[in-house]
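The values are calculated or read from the model by the stated rules, or taken from the named source; none is laboratory data. This structure is a prediction, so every number in the text was calculated from the model and none was measured. Cβ coordinates were reconstructed from backbone atoms using ideal geometry, including for glycine residues, and neighbour counts include every protein chain displayed. Ligands, DNA and RNA are excluded from the accessible area calculation, which covers all protein heavy atoms including side chains. Shrake-Rupley method; radii C 1.70, N 1.55, O 1.52, S 1.80 Å.
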Amino acid sequence: MNSLAIDIGNTSISLCLFKDDKLFASKKILQSEFNFKKLNALKKKFFNKNVNKIIISSVVPKCDFIFKEFLAANSLNFYFLKKIRKKIKLKINLKKKDEIGDDRIANIILAKERFNKSVIIVDFGTATTLDVLNSHGVYHGGVITPGIEVSLNTLKNKTAKLPLVKFSRTKKVIGFNTKQAIQAGFFWGYCSMIEGLIKKIIKEENNDFQIILTGGNSSYFHNVFENVILIDEFFTSKALNYILNKYT
């Protein structure tokens, strides 16, 4: 069975095609380029009669209407995660559960299915988030910080002379020109922030955690943090596919 997972984020929209649980095609659309015409251009590959059902995770409500109209017009079977969430039994230690982003919920659900408990998921997206599955297998809240690309753009836009640079991994902490200094500051700064937050969570919870890294920039952080059991850019999309197959 072919299925399509659509993850609508603040910066981009991810389309991932699956054959059962195997990912075989993916595409990212920048929010700045997203419209009805763009979806039509992808119709042959991603929105065809071979796709049995579709799941949509969204943190951008204005995009939901466009997808509803497009998918309905093409007679495609689709579900929004917001509605499926009601069927999923997941203990959550947050007061306002409806405020939790679809992507964060999806990540926790798949982490619980695969690893049961004591997991921290670090998602390098528009925001960099850490979500905690505690020692009882309960979603125990998390941390939200500014994302890497957002921070880089803000640094450029709020300063007179500092350039916009591409995020990259550097060998040394000290840079020897402005570009190197920014790249080192961002890479090692984010390493230190994530490492520090994980240590504080471990101390606060009095528990050791396994770490999952996901999101567009996750591949830069190979062999940086301790107890990393998985680095997978498509973890959220795989989580959506798992939910689609299990709960619909």
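Observations, loosely collected:
- Residue count for the range 94-114 satisfying the condition of being open to solvent by 60 Å² or more (accessible area, probe 1.4 Å) and at pLDDT 95 or above: 3.
- Screening the range 121-155 for residues that are of a type in the set (G, A, S), more than 26 Å from K166 (Cα to Cα) and assigned to a strand (DSSP E or B) and picking the one that is farthest from the chain's Cα centre (by Cα) gives G141.
- Only listed residue being touching a residue at least 12 places away in the same chain (Cβ under 8 Å) and in a loop (DSSP other than H, G, I, E, B), chosen from N10, N48: N10
- All positions within the range 198-248 that are within 19 Å of I144 (Cα to Cα), open to solvent by 50 Å² or more (accessible area, probe 1.4 Å) and of a type in the set (G, A, S): none
- Just one of the listed residues (L23, L30) is closer than 24 Å to T214 by Cβ, open to solvent by 30 Å² or more (accessible area, probe 1.4 Å) and touching a Cys at 6+ places or on another chain (Cβ under 8 Å), and it is L23.
- Members of the range 57-81 that are under 22 Å from F235 (Cα atoms) and either β-branched (V, I, T) or under 16 Å from the mean Cα position of the chain (by Cα) (or both): S57, S58, V59, V60, L81
- Selection within the range 90-100 - among the basic types (K, R) and either within 19 Å of the chain's Cα centre (by Cα) or within 11 Å of G137 (Cβ to Cβ) (or both): K91, K97
- Tabulated pairs, the range 134-145, first in contact (Cβ under 8 Å) with a residue 12 or more places away in the chain and more than 10 Å from I201 (Cβ to Cβ), second surrounded by 16 or more Cβ atoms within 10 Å (Cβ to Cβ) and of a type in the set (S, T, Y), C-beta under 8 angstrom, 6+ apart or interchain: S135/S118; I144/T128; I144/T129; T145/T128; T145/T129
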